[in-house]
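Take a look at the structure below.
The values are calculated or read from the model by the stated rules, or taken from the named source; none is laboratory data. It should be emphasised that the depicted structure is a prediction, and the values quoted were computed from it without experimental measurement. Positions of Cβ are backbone-derived with ideal geometry, glycine not excepted, and every protein chain shown enters the neighbour counts. Protein only, heavy atoms only, side chains kept; ligands, DNA and RNA dropped before computing areas. Shrake-Rupley method; radii C 1.70, N 1.55, O 1.52, S 1.80 Å.
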Amino acid sequence: LSSSALFCSPRNLMSTNNYIKRVSIEGNIAVGKSTFARLLQNACPDWDVIAEPVSKWQNVDQTPPTASSPQPCTSNLLEMMYRDPKRWSYTFQSFSCMSRLRTQLQPLPDTLLRSRGGAVRVYERSVYSDRYIFALNMFALGCINSTEWAVYQDWHSFLIEQFGHRVQLEGIIYLRASPQMCLERLNRRARVEEQEIELDYLEKLHTRHEDWLINKTTTLHFEQLMKVPVLVLDAEVAFEQNPEVQDCLLSKVRDFLS
Ligand code: DGT
């Protein structure tokens, strides 16, 4: 990318040594978060860009491999959640949140910690979208019952109180596109588990994103989260194959983080 040298200049990183600036990429299903995360990683190799742990949800270990049965036995929780959301949504949210927290708590590689001016870590989604987008939506749809919702909120709040300072966001990048466009991209990539997803579900998730990140009407339980600045990027235009659009998006991120 032509802008990468400028984009990664120390001026754009935080000024204090050993300071980690954490940013999450948020947006609807199939909006292009992973593509955008790869783009950031290529443009800024000294940033730590952490992918969403989807493959973990598709391969939940049931039993470890043994000498007599060397193939590990796994289940696909993502598929189970879409097939029977009432049965599996609470289980899914507890596992997705724990796997997000675990990856987000991973220590930074030493080389990045020593980078001049501090380190930048980018997450695909966060423990906050787990609660305020998906779990809340599943509760509103009746796929998580009120007892499960109370239990989820209780341990989520506790975990954020305990670990919040280590996953605290300095910024949120909201990739925004219409639910129709997301459905088109979702159909194009044809992930097996997502075959039954309909426009209505994407519209609901879109509204959740808008309420949290644009309208600010979602009730948040963490004071620091209310103050996190949000960069809204127009993801309606396909950026995967378009270097001009990519440069434009990247320079917006650069300005946002400088
Ligand atoms: P991208 O890179 O923008 O195309 O995004 P995706 O679709 O690869 O990634 P994402 O985060 O939208 O999620 C992957 C799949 O997992 C998708 O079918 C939505 C689902 N998913 C992700 N997080 C949650 C969650 O917390 N709860 C539920 N119920 N589903 C989730």
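For this structure, a couple of remarks:
- For the peptides 170-183, 124-137, residues were scored by their other Cβ atoms within 10 Å and the scores averaged per peptide; the highest-first order is 124-137, 170-183.
- Cα extents of the range 23-116 along the three principal axes, largest first (Å): 48, 37, 19
- Under 28 Å of direct C-alpha separation, and excluding same-chain neighbours fewer than eight residues apart, K56 reaches these lysines: K21, K33, K86, K204.
- Taken along its principal axes, the alpha carbon cloud of the chain reaches lengths of 49, 44, 40 Å, longest axis first.
- Accessible-area ranking of K252, K56, K21, K216, largest first, probe 1.4 Å: K216, K252, K56, K21
- Probe 1.4 Å, protein heavy atoms only - accessible area per residue of the chain in square angstrom: 49 Å²
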